[in-house]
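Following: one structure in structure tokens, then a few remarks.
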Amino acid sequence: MSNQSKQWAAIIMMIALFAMIAFVTNLCSPMAVIVENQFGASELQSQIGNYANFIAYLVMGIPSGMLITKFGYKRTALLALIVGIIGIALEYLSGTMANMWVYLIGAFISGFCMCMLNTVVNPLLNVLGGGGKSGNQLIQIGGAFNSAAAVAVYIIMGALIGEVTKETGIADAAPAMFIALGIFALAFVVLLFTKIDEPEQAPVQLSLIGGALRHRHFALGALAIFLYMSVEVGTPTYMIKYLNTECGVAVGVATLIAAVYWFAMFIGRSVGGAIGGKVSSRAMVSTVATVAIALLVFGIVAPDDIKCSVPGVDWANLSLVWVDVPVGVVAFILVGLCTSVMWGGIFNMAVEGLGKYTAAASGIFMTMVFGCAVMVGLQAWFVDFTGSYLQSYWIPVACAAYILFYALIGSRVKSEN
């Protein structure tokens, strides 16, 4: 690796790719409302985009690590962008063809792209930052741009969806997909001409995968990421449904309220990036996990007749409006401040001291992101079973409790693994 001062182009490109990951991934949650409407899907079935997107991580996680060791970070990212263009194109075609299976295949292929990009971006930013607190700082800065892109997609989708009617379909979200396609194409051209001095990696073999998993702090960290997806994605996803079905808030406005959650993540990651070089990942994650548990529990048990005003948008008049929602919703929004630094902090702790196992570990780590499909699906089943969106939030509470355990105890590196 050349001197870090010569790697700013690579750092900027990785941060840009981090933002792209959020833009495409977060299309799934607002799209669930349209899928439920267009195809008459149940709550469990409406999350099919999330399932497909994140199950792809199960299939592609370890192969992504192998691609990096064979072709390098840059060429793997270029291949991922091509895969992403194919996936988004299929999602768009599913609307014109009115075919849920085409949408499922498109979301699955898009998940391949997101997994490959994540496998590239996280370890490379960590390496470019020099590991430790500095590596965590770069990941948190990348995460801030990731959250900004998530806010953007919720705003765009809120404007496009507006009030859902029987005529609302996937084709109504076509402009957002065209934006995603344009971003992919532009990123491909820019990355093609960006010079990246890549670290050497040993080939990913089964022995290296097993070696990574023999490190207790990594194995427990992989499980932490599996469960973390429930807290990050489940919280805003079911907040939209709760506001619409139980509070009578229009879908477009509810989507904009969910965007405030992602804006909170942007704020948290910006702060995390600023202090990441001074505060350890363990201190960060243990603090925010504790606060997240308190906020989620409050959101569940808070009386729904106590209201607070949160911002939304009246798209008919292009004006900011303040919507009265149960006070528990505000607590759910503030969870975004907590989840903001969890991903980077958990990754940083999990790969600490892995050395030659880092590439293999990164592939395993990305594989565990499929936990979003499992946990979001479990939460959807809980909603169908109990008829309550609020009670389903006990699942993210349990996941946040495990993350607290990992930060305090499970992440400690033992001299003998």
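The values are calculated or read from the model by the stated rules, or taken from the named source; none is laboratory data. Treat the numbers as computed from the prediction; the structure is a model and nothing was measured. Positions of Cβ are backbone-derived with ideal geometry, glycine not excepted, and every protein chain shown enters the neighbour counts. The protein model used for the area step is the full one, side chains on, heavy atoms only, and it has no ligands, DNA or RNA in it. Shrake-Rupley method; radii C 1.70, N 1.55, O 1.52, S 1.80 Å.
Under a 5 Å amide H cut-off, with hydrogens placed 1.01 Å from N, V323 pairs with V310, G312 among residues at least 5 apart or on other chains. Beyond 20 Å in Cα-Cα separation lie the following of the pairs K70/K356; K356/K414; K70/K195; K74/K278; K74/K195: K74/K278. Residue ranking by accessible heavy-atom surface, 1.4 Å probe, largest first, among C308, C115 comes out as C308, C115. Taking V321, V413, V397 and ordering them by how much accessible surface each has at a 1.4 Å probe, largest first, produces V413, V321, V397. Rounded if a/c is under 1.5, else prolate if a/b beats b/c, else oblate: with a ≥ b ≥ c from the C-alpha gyration tensor eigenvalues square-rooted, which is the stretch 206-317? Because a/c hits 1.5 or more and a/b exceeds b/c, the stretch 206-317 counts as prolate.
Over the stretch 264-386, consider all pairs of different Cα atoms and compute the Kirkwood hydrodynamic radius from their mean reciprocal separation; express it in Å, one decimal.
Numbers: mean 1/r = 0.0579 Å⁻¹.
About 17.3 Å, per the Kirkwood formula over Cα pairs.
For D324, the accessible surface of its heavy atoms amounts to roughly 100 Å² (probe 1.4 Å, protein chains only, rounded to the nearest 10).
Could you put T237, T287 in order of accessible surface area, largest first, with the 1.4 Å probe and the full protein assembly present?
Highest to lowest solvent-accessible surface, that is T287, T237.
Per the 1.4 Å probe, what fraction of the accessible area of the stretch 239-293, in percent, lies on carbon and sulfur atoms?
On the way: 1230 of 1780 Å².
Heavy-atom surface of the stretch 239-293 belonging to carbon and sulfur, 1.4 Å probe: 69 percent.
Applied to the stretch 357-367, the Karplus parametrisation 6.51 cos²θ - 1.76 cosθ + 1.60 on θ = phi - 60° returns per-residue 3J(HN,Hα) values of 8, 4, 4, 4, 4, 4, x, 4, 4, 5, 4 Hz, with x for Gly and Pro.
Amide H to amide H, with H built 1.01 Å from N, V249 comes under 5 Å of N244, counting only residues 5 or more places away or on other chains.
Label sites at I306 and A398, each approximated as a point 7 angstrom past Cα along Cα to Cβ, lie 2.7 nm apart. Remark: the A9-F178 segment gains 58.2 nm on full extension, using 0.36 nm per residue and subtracting the alpha carbon distance.
What the stretch 265-417 shows is 40 Å² of accessible area per residue, with the surface traced by a 1.4 Å probe over protein heavy atoms.
In order along the stretch 333-350, phi translates into HN-Hα couplings of 4, 5, 4, x, 4, 7, 5, 3, 9, 5, 4, x, x, 5, 4, 4, 5, 5 Hz, rounded to whole numbers, per the Karplus curve 6.51 cos²θ - 1.76 cosθ + 1.60 with θ = phi - 60° and x for Gly and Pro.
Report the FRET efficiency, 1/(1 + (r/R0)^6), for A185 and A98, where r is their Cβ-Cβ distance and R0 is 22 Å, rounded to 0.05. Each step should come with its number before you reach the end.
Numbers: r = 27 Å, r/R0 = 1.21.
So the FRET efficiency works out to roughly 0.25.
Across the stretch 382-398, coupling constants 3J(HN,Hα) worked out from phi with the 6.51/-1.76/1.60 Karplus curve, θ = phi - 60°, read 4, 5, 4, 6, 9, x, 10, 5, 5, 5, 5, 6, 5, 5, x, 4, 5 Hz, and Gly and Pro carry x.
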